[in-house]
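For reference, the structure discussed in these notes is given below.
Please treat every number below as a calculation from the coordinates, not as lab data. No experiment lies behind these values; they were computed from the predicted model shown. For neighbour counting, all protein chains shown are included, and Cβ atoms are generated from backbone atoms with ideal geometry for every residue, glycine included.
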Amino acid sequence: MSLLEVRELTVAYPVAVGLSAFFSRRYLVAVDHVSFSLPEGGTLALVGESGCGKSSTGLAVLGLLEHVEGEVLFRGRDVLRMREKERREFRRHAQIVFQDPYESLNPKMRVRTIVGEPLAIHRRRGETGRLKEALELAGLSPPEYFLDKYPHELSGGERQRVAIAAAVVLQPKLLILDEPVSNLDVSIKAGIMNLFRDLQDQLGLSYLFITHDLADAFFLADEVAVMYLGVAVEKGETDEVLSHPLHPYTEALLSVAPGSGREKLILAGDVPDPLHPPPGCRFHPRCPRARGRCSEEVPPEVEAAPGHRVRCFYVSRGERDPHLEEPKPIH
Amino acid sequence: MERILSVKDLRVTYRTPAVAVEAVGGISFSLAPGEILGLAGESGCGKTSAASALMRILPHTAEIGGEAFIGGTEILSLPEEEMSKIRWRKIAMVFQNAQAALNPTKTIGYQIAEPLMIHLRYPRRRALEEAASLLARVRIDPKRLTDYPHQLSGGMRQRAVIAMALACRPLVLIADEPTTALDVMVQAQIIELLKELRDEYGLSLIYISHDLLLLAEICDRIAVMYAGLVVEVAPTGGLFQRPLHPYTRKLLGAVTVLGVRAQRLETIPGAPPRLAPPPPGCRFAPRCDRVSGACREGMPPLEPVGKGRRVACWNWRGEDVPS
Amino acid sequence: MAEIKEAFRTSPFGKAGLAIVGIFIILAIVGPYIAPYDPWKTADEIEDILAPPSWAHPLGTDELGRDILSQVIHGTRITLIIGLSAAAIAVVVGTVVGVTAGYFGGVLDAMLMRITDSFLSMPFIVLAIVIVSLLGRSLGNIILAIGLVQWTQAARITRAQTLSIKERVFVLRARALGAGPFYIMRRHILPNVLPLVFANMTLVTSLAILSEAFLSFLGLGDPTKFSWGIIIRYAFETGAVSIGAWWYFLPAGICIMLVVLGFSFISNTLDEALNPKLRRGQVVI
């Protein structure tokens, strides 16, 4: 059984537009019926550009957002409908590491307090031994050197390692990694990426890895879900998606990743305003393969190959519709 | 060969009453017409300080040394009133944060027209016409001339800033991490645009980025900086095929590449040295896996090693010699 | 902390404020031991009644022949106790209200802030008069009255700061850990709000000292203690102003002015250090 099973997850944010907010509430749908599952010890990457809903998905999985529909099953129990006591227990097993280590650590707390905080909140004995162990695990050694430091006394990489130490101190099962290396320099980022690999081997962690960087996603993840405007347009094993991208958006995204060595399929324009998403397939206004149908109906999710799912009308059973010409680079 | 820009021994030192930080420790490079030179390096390596020194937009606490020639004029020692005639007309710059480069209370049309009115004394009407054609050139609908910056998307704002920088037809454009804050698709659009502008106007470009793979997509040559110095210069292809400096090697090994299934990434132990003042010897020596006695004594000079390549390392040959 | 030290190091007003307040605090501690007389001790000789300054009585005597210098020295302690305790009450009440309103938001926030507004809209001295007249003229009641009318500012400041801190990622992280609202307020919000609270407390202290003087002058002070306000009140009752007995009311008046000035200087310097927009000599981009 998978550790995490997300079904038809939908996340909305209320938007206040002037006086009208007073009379009727409008909602921005950030995540639209997204489903995926994460096996124990596995890594799923949610990739996409900003505003695609990947971070909202991560926060919703932890039960930190309001206006959420669908199901988030952690070991078969729905996080969104848990009672207080059960949810508390869930919080012990699921932790999160954020993008910006400058923001995610309280500047007034010492490393000792930050890493010990999960223990304090869950009333576990906060012996220094466990703190040291967590710091060592996160690659901060000797731990004694770091225990009494404040965040501002540490480098960016060290701070992110402190955040990781705090995330693993309770020996969780699931770690949500929300763009954990996006603000770091290359050489520091490499160390953190290796660390995630090591921690997974040592602790059997499962990762939900949220990133805009495809190369990072394919480095760490067994499976990817590509998101566009709140919709998961393609899901599958990383190698499969990398070698046979089926959705035109995935294809374009892979082609523009620096160093991909692919012919560039540069999409013109910008991602549409999520407050006014296009009807039908959300990608159709920028899609090189769009047909009349795409602007009218929402394409259903089809399993094109075992475990490889796509939301596109013109993909079936592992092949693109042969009647369609190959997409050409735009402009 | 003709050089549009040549920089000799550029130094930037930030002075406060307490310390003097040598952010750029004497770098030299030149730029051919129509060339795109990449300036690579991690944060704090001095790449932005070097670029800002060429634009002469550093704060007063910064002391600039060395020489830089643009079309025969030495610009680092020019008095400010002379420099203001060169800035934007001969050398221009775009920054990472396009939002900060734009005035939120003025239309983008006006902001693109402004340098034309000030520097080239265009009448207002002609300046606005020119602004419209510049906007069209950077692929923004000229109807958006009357839009304010907040009405544009991030990508469009950066295009508008590029249009502003190009208004006076500069010879050299410095692009300082212009796409770092943008999404990959928009980044690809901007890179495409800059390449076209180079082909069309014969513009020379200095492209600054921490992202080596991105630089590989746009640059003819790449200079890798570490702790205020250029440690290696090479044509893009050569640099990726056979990096010579140990730092470059490590850096390339640390990058995740799409489609390359690495088990582990290279890491570089330690941190860059403090530059107040810089340590003696090779600045990379404490983190280098090829360090030898000579490295601790003197900083190796950036020496030519054939085929347009230069490297600053005593032991660049290591085990193997480039063919 | 570094900014605060730097601010006091570079600001002459900050230094002056620290010096003034420091001297008065020392005086409040050692005062009763160095005062030349018992302030309650009346004179035996008629020529010692309302006597101008002399070697024996450097600041003269009052209508009962009591030594003014000793009264002023003893008054330092009482005045500072009233000022600091009232400020402490104000700041504690204000912080609790402000942090609670800011963190929970919604209806609770709206209610608490309307209450705050209603306190702000009343002339506070009238409110204090009502409270003291209802509860009686004791030292504790005066402190309580002043504290209960001065908390609104602290509430406003801490609410604003709480609103910004609760949006920070480390608060989200604590929520993800399963921390409850009271834990987050205590461990994450409060430590980041306290510096501002302390800056505000210095200001409220000076306001509290002024309020006490005013209440005492109106005859609502505690008659069993010599505060500076009480001394001025007695001087007024005796008609010291009309008979030209300046030594009676002037020393206490000057002391009030100096202490208020001292606390205000400290408060301004703290504000400059904690509020970057006020910092001089720096360009805000």
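When you count, for each residue, the other Cβ atoms within 10 Å and take the mean per peptide, how do C:222-232, A:143-153 rank with the highest first? Please report the intermediate quantities before stating the final value.
On the way: C:222-232: 23.2, A:143-153: 15.5.
Order by mean packing, descending: C:222-232, A:143-153.
Can you grab the distance from the C-alpha centre of segment C:22-83 to the C-alpha centre of segment B:187-215, Å, no decimals?
Segment C:22-83 and segment B:187-215 have Cα centres spaced 82 Å from each other.
Treating only the Cβ atoms of Lys and Arg (+1) and Asp and Glu (-1) as charged, compute the dipole magnitude of the protein assembly as shown about its Cα centre; round to the nearest 20 debye. Each step should come with its number before you reach the end.
Details: 100 positive and 98 negative charges, 58 e Å.
In debye, rounded to 20, the protein assembly as shown gives about 280.
Per the Cauchy relation, a quarter of the hull surface: what is the mean projected area of the convex hull of the alpha carbons in the protein assembly as shown, in nm²?
If I average the Cα hull's projected area over directions, I get 50.2 nm².
Using label points projected 7 Å from each Cα along Cα→Cβ, tell me how many nm separate A:VAL298 and B:THR61, to one decimal.
5.4
For segment A:179-239, what is the Kirkwood hydrodynamic radius in Å, using each pair of distinct C-alpha atoms? The partial results should precede the final answer.
On the way: mean 1/r = 0.0795 Å⁻¹.
The answer is 12.6 Å.
First measure r as the distance between the Cβ atoms of B:GLU80 and B:ALA136, then evaluate 1/(1 + (r/R0)^6) with R0 = 30 Å and state the FRET efficiency to the nearest 0.05.
The calculated FRET efficiency here is 0.30.
With no solvent and one point on each alpha carbon, what is the Debye value of log10 I(q)/I(0) for segment B:148-192 at q = 0.15, 0.31, 0.34 Å⁻¹?
Result of the Debye calculation: -0.39, -1.20, -1.26.
Which of the peptides B:185-192, B:295-302 is most tightly packed, and how do the rest follow, judged by the mean count of other Cβ atoms within 10 Å per residue? Kindly include the intermediate steps, with their values, before the conclusion.
Values: B:185-192: 22.5, B:295-302: 16.5.
So the order, starting with the most tightly packed, is B:185-192, B:295-302.
If I take every Cα pair under 8 Å that is 6 or more residues apart in chain B, average their sequence separation and divide by the length, what percent do I get for the relative contact order? The partial results should precede the final answer.
On the way: 603 pairs, mean separation 63.8, N = 323.
Result for chain B is 20 percent.
Give the residue from B:GLY44, B:PRO142, B:LEU252 lying farthest towards the positive end of the charge dipole for chain B; charges sit on Cβ (+1 for Lys and Arg, -1 for Asp and Glu) and the dipole is referred to the Cα centre.
Toward the positive end, the furthest listed residue is B:PRO142.
After finding the eigenvalues of the alpha carbon gyration tensor for segment B:233-323, what semi-axes result from the square roots of 5 times each, listed largest first in whole Å?
Numbers: eigenvalues 105, 69, 27 Å².
Computed over segment B:233-323, the values are 23, 19, 12 Å.
Over chain A, what lengths in whole Å, largest first, do the semi-axes of the equivalent ellipsoid take, defined as the square roots of 5 times the eigenvalues of the alpha-carbon gyration tensor?
Numbers: eigenvalues 269, 104, 71 Å².
So the equivalent ellipsoid measures 37, 23, 19 Å along its semi-axes.
Could you work out, residue by residue across A:247-260, how many beta carbons of other chains sit within 10 Å of that residue's beta carbon, and then give the average as an integer? Write down the numbers at each step before the final one.
Values: counts 0, 0, 1, 0, 0, 3, 4, 3, 4, 10, 9, 17, 13, 5.
Averaged over the peptide's residues, the number is 5.
Tell me, what is the Rg over Rh of chain B, with Rh the Kirkwood radius over Cα pairs? All intermediate terms of the calculation are to be shown ahead of the outcome.
Numbers: Rg = 20.5 Å, Rh = 20.8 Å.
Using Cα coordinates only, the ratio equals 0.99.
Quote the FRET efficiency, to the nearest 0.05, computed for C:ILE81 versus C:SER118 with a Förster distance R0 of 25 Å and r equal to the Cβ-Cβ distance.
Details: r = 29 Å, r/R0 = 1.17.
Approximately 0.30, to the nearest 0.05.
Using alpha-carbon pairs under 8 Å, 6+ residues apart, how would you state the relative contact order of segment A:132-269 in percent?
Working: 134 pairs, mean separation 20.3, N = 138.
Relative contact order comes out at 15 percent.
Please report Rg (one decimal) and Dmax (integer) in Å for the Cα set of segment B:1-146.
Looking at segment B:1-146, its Cα Rg and Dmax stand at 17.6, 53 Å.
Between A:GLU89 and A:GLU136, how high is the FRET efficiency from 1/(1 + (r/R0)^6) when r is the Cβ-Cβ distance and R₀ = 25 Å? Nearest 0.05.
Values: r = 26 Å, r/R0 = 1.06.
FRET efficiency, A:GLU89 to A:GLU136: 0.40.
Beyond 16 Å, what share of the Cα-Cα pairs of segment B:132-249 remains, rounded to the nearest whole percent? The partial results should precede the final answer.
Details: 4387 of 6903 pairs.
So the pairs more than 16 Å apart make up 64 percent of the total in segment B:132-249.
Express as a percent, rounded to the nearest 5, the fraction of DSSP beta bridges in the protein assembly as shown (both residues included) that run antiparallel.
Values: 60 of 97 bridges.
Roughly 60 percent of the beta bridges in the protein assembly as shown run antiparallel, per DSSP.
Using a 10 Å cut-off around each Cβ of peptide B:204-215, what is the average number of partner chain Cβ atoms that fall inside?
Details: counts 0, 0, 0, 0, 0, 1, 3, 3, 3, 6, 3, 1.
Per residue, the number of nearby Cβ atoms from other chains is 2 on average.
Would you mind counting up the charge near C:ASP222? Only other residues with Cβ under 14 Å from its Cβ, with Lys and Arg at +1 and Asp and Glu at -1.
On the way: positive: C:ARG77, C:ARG137, C:LYS225, C:ARG233; negative: C:GLU212.
Result for the neighbourhood of C:ASP222: +3.
Do any cysteines in chain B lack another Cys Cβ under 4.7 Å, and if so which?
That list is B:CYS45, B:CYS168, B:CYS219, B:CYS288, B:CYS313.
For chain C, what does the relative contact order come out to in percent, with C-alpha contacts under 8 Å and a separation of six or more?
Details: 409 pairs, mean separation 76.2, N = 285.
Rounded, it is 27 percent for chain C.
So for segment A:1-144, what percent of the C-alpha to C-alpha distances run longer than 28 Å?
Numbers: 3619 of 10296 pairs.
When all Cα pairs of segment A:1-144 are counted, 35 percent exceed 28 Å.
Tell me the net charge near B:ARG198. Cut-off is 15 Å between Cβ atoms, B:ARG198 excluded, with +1 for each Lys or Arg and -1 for each Asp or Glu.
On the way: positive: B:ARG137, B:ARG169, B:LYS195, B:ARG221; negative: B:GLU35, B:GLU192, B:GLU196, B:ASP199, B:GLU200, B:GLU217, B:ASP220.
Neighbour charge sum, excluding B:ARG198 itself: -3.
Taking each residue of B:264-270 in turn, how many C-beta atoms of other protein chains fall within 10 Å of its C-beta, and what is the average?
Details: counts 6, 10, 5, 12, 6, 2, 1.
Mean shielding count: 6.
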